[in-house]
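Take a look at the structure below.
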Amino acid sequence: MTYQQEIATADALISGQSAWDGIAPESVARMRLQNRFHTGLDIARYTAKIMRADMAAYDADPANYTQSLGCWHGFIGQQKLISIKKHFGTTKGRYLYLSGWMVAALRSEFGPLPDQSMHEKTSVPALIEELYTFLRQADARELGMMFRDLDAAREAGDEIRAAKIQHAIDNHETHVVPIVADIDAGFGNAEATYLLARKFIEAGACCIQIENQVSDEKQCGHQDGKVTVPHEDFLAKIRAIRYAFLELGVDDGVIVARTDSLGAGLTKQIAYVREAGDIGDQYNSFLDCEPVDAANLGHGDVIITRNGQLVKPKRLPSNLFQFRAGTGEDRCVLDCITALQNGADLLWIETEKPHIGQIGGMVSRIREVIPNAKLVYNNSPSFNWTLNFRQQVFDAWAEAGKDVSAYDRARLMSVDYDATDLAIEADERIRTFQRDAAAQAGIFHHLITLPTYHTAALSTDNLAREYFGEQGMLGYVKGVQRQEIRQGIACVKHQNMAGSDIGDDHKEYFAGEAALKAGGAHNTMNQFAAA
């Protein structure tokens with residue numbers, strides 16, 4: 001409804017209640033507009049439709065790829081969306097990513113933990129709820145400022161300005177956007193995955209990402225020692241998440257199936273085989289095996305049949321079985337095809353480097369079976385982007401016969417190369433990586449998992465160096481506050497950002513002239529009025 005329709009609806013309700021004479025219809029309308037999402041399920045249904053529309057737009061034109069940044073606190077997510085609206089005028093195509101890595105490192109009651117699913121699993125849906133609480137508050141704050149501007153225009157008798165503000169209110173774009181939420185490997189069996197997925201969805205998640213690692217052996221996707229599960233186990237968890245979406249009425253819910261097989265050389269289980277060539281048999285076909293004979297058959301060895309022959313899978317002292325070297329890409333392709341054929345909507349292939357040719361090669365094979373296969377891709381801080389892309393340019397130049405004798409491939413990260421043609425071309429490839437990968441490698445959504453983990457560390461280091469050094473207070477003023485003012489950073493008025501003005505509005509609604517408001521003449525935030 002429009003602003004005036006909300007007022008009229010509230011007025012009709014209030015006029016029928018004689019005891020509600022002190023309730024102002026316009027104040028009710030404002031509060032309703034400031035809180036348009038009443039539950040997490042409202043958010044999940046709303047954002048799921050956004051993602052589905054964006055996926056269709058990408059299918060029509062890969063230039064319509066989407067992006068997100070990871071965040072570990074509601075305030076961080078809120079500031080990202082406020083910044084996006086400030087710089088680009090719209091949130092379209094911009095999401096948030098909730099990283100299990102950051103929850104483990106920054107939100108666990110055990111303290112900092114590695115990305116091994118050891119953190120409290122309930123902390124993840126709690127963060128989803130926190131993020132949406134802050135995004136909804138960003139809506140309330142922005143609309144509250146519009147309402148104040150509307151009141152000022154009315155008091156000044158400026159009807160044209162008042163009409164423009166009311167039009168802006170009617171067309172207000174919410175800060176609430178989709179969150180791609182990381183459920184790791186499901187924190188247990190399929191039932192545990194289903195129960196946790198429900199919590200995710202009830203908190204507002206429209207998109208859940210799950211990986212094919214063994215839950216109790218889970219490792220960060222960019223570390224060694226990863227262990228995958230047979231396809232049937234993974235597909236059961238995908239179905240569990242779909243059931244959770246459907247049970248809660250989020251019919252457009254999105255599932256991202258992540259495969260870690262490219263860098264995972266181990267499995268904990270030999271897949272069950274019903275018949276030759278089935279999905280279990282295909283999984284087992286990648287096992288590193290040796291023929292069985294009397295000489296190599298030991299006590300307790302496991303034996304399977306392959307192509308009519310008895311073979312012995314190589315088992316490690318850890319009781320894990322290993323895959324044949326060089327089978328990672330083939331396993332990734334099989335993982336992706338089977339996931340899409342069994343309820344997943346998007347793919348995530350965890351790679352060891354950002355290389356469009358490598359990713360695109362796998363996607364081409366997947367699209368031979370699933371033509372509209374689309375990826376979510378981790379533009380990970382675990383990659384050394386500068387070194388990787390400089391080496392890619394070096395290799396491309398060398399292959400083309402270009403003289404690269406001025407460069408030491410192993411030292412290309414050095415600052416000595418920063419101004420060279422090779423470094424300039426590498427930076428241009430980094431700049432266009434997301435656009436190029438969307439067009440050439442089927443990547444629908446680009447994300448950075450841990451950006452604010454690194455930006456917080458970098459900005460804190462810079463501030464500590466200046467503030468505790470010779471610059472003293474100037475280190476904060478020059479490096480932080482002056483930049484906030486000059487760049488129009490919303491939280492320079494931190495009282496407003498924390499909800500002080502919203503609280504003042506409510507005080508006035510509730511107590512009228514008797515309201516004791518914080519935003520008076522002596523509030524030091526007035527010093528930033530010109531900012």
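Any read-out appearing in this document is the output of simple, stated calculations on the displayed coordinates, not a laboratory observation. Just so it is clear, the structure is predicted and the values come from calculations on it, not from any experiment. Positions of Cβ are backbone-derived with ideal geometry, glycine not excepted, and every protein chain shown enters the neighbour counts.
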Could you run the Karplus curve 6.51 cos²θ - 1.76 cosθ + 1.60 with θ = phi - 60° over region 2-8 and give me ³J(HN,Hα) per residue in whole Hz, x for Gly and Pro? 6, 4, 5, 5, 4, 5, 5
At q = 0.15, 0.21 Å⁻¹, what is the base-10 log of I(q)/I(0) for region 88-139 according to the Debye formula with one equal point scatterer per Cα and no solvent? Please give it to two decimals. -0.50, -0.77
Please list, in order along region 117-126, the HN-Hα scalar couplings obtained from phi with the Karplus expression 6.51 cos²θ - 1.76 cosθ + 1.60 (θ = phi - 60°), rounded to whole Hz, x for Gly and Pro. 6, 9, 6, 5, 5, 5, 5, 6, x, 5
Percent of beta bridges antiparallel (DSSP, the chain, rounded to nearest 5): 25
To the nearest 20 debye, region 121-279 has a Cα-centred charge dipole, built from +1 on Lys and Arg Cβ and -1 on Asp and Glu Cβ, of 240
Restricting to aspartates and glutamates and to Cα separations under 19 Å from Lys478, and discarding same-chain partners fewer than 8 apart, the set is Asp461, Glu466, Glu470
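When every alpha-carbon pair in region 59-166 is counted, what percent end up more than 24 Å apart? Provide the component values of the computation, followed by the final result.
Values: 2667 of 5778 pairs.
Every Cα pair in region 59-166 considered, those over 24 Å come to 46 percent.
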Read through the labelled values (i) 3, 15, 21, 20, 15, 10, 7, 5, 3, 1, 0, 0; (ii) 3, 15, 23, 23, 18, 10, 5, 2, 1, 0; (iii) 3, 17, 28, 27, 17, 7, 1, 0 and report the label of the one computed as P(r) over Cα pairs in 10 Å bins from 0, in percent from the structure. (ii)
May I ask you to work out the translational diffusion coefficient for region 418-521 at 25 °C, viscosity 0.890 mPa s, via Stokes-Einstein with Rh from the Kirkwood sum over Cα pairs, reported in whole µm²/s? 131
Pairs of Cα atoms under 8 Å, at least six residues apart: use those to get the relative contact order of region 453-531, whole percent. 20
Assign unit charges at the C-beta atoms only (+1 for Lys and Arg, -1 for Asp and Glu), then state the dipole size of the chain relative to its Cα centre in Debye, rounded to the nearest 20. 160
Distance in nm between label sites at Lys164 and Glu120, each 7 Å beyond Cα in the beta-carbon direction? 5.0
Check cross-link reach from Lys80 to the lysines: straight Cα distance under 16 Å, and skip same-chain residues fewer than eight apart. Lys92
Diffusion constant of region 350-416 at 25 °C, which comes from Stokes-Einstein with the Kirkwood Cα-pair radius and 0.890 mPa s, µm²/s: 175
Long-range amide H contacts for Asp182: which residues qualify at under 5 Å (H placed 1.01 Å from N, peptide plane, sequence gap of 5 or more or a different chain)? Leu98, Gly100, Gln209
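Note down the magnitude of the dipole of region 481-531 about its Cα centre, charges +1 on Lys and Arg C-beta and -1 on Asp and Glu C-beta and zero elsewhere, to the nearest 20 debye. Kindly include the intermediate steps, with their values, before the conclusion.
Numbers: 5 positive and 6 negative charges, 61 e Å.
My answer is approximately 300 debye.
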Signed unit charges on C-beta, dipole axis of the chain, positive-most listed residue Gly186, Phe245, Phe389: Phe389
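Could you work out how much longer the chain between Gln440 and Gln487 gets when fully extended? Use 0.36 nm per residue separation minus the Cα distance between them, nm to one decimal. Please report the intermediate quantities before stating the final value.
Working: separation 47, 0.36 × 47 = 16.92 nm, distance 3.59 nm.
That works out to 13.3 nm of additional length.
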Straight-line reach from Lys314: which lysines fall under 22 Å, measuring Cα to Cα and dropping same-chain residues less than 8 apart? Lys218, Lys226, Lys268
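Output the peptides 123-136, 514-527 sorted from most to least packed, where packing is the average of other Cβ atoms within 10 Å over each peptide's residues. Could you put the intermediate results ahead of the total?
Values: 123-136: 21.9, 514-527: 11.1.
Sorting 123-136, 514-527 by mean packing, highest first, produces 123-136, 514-527.
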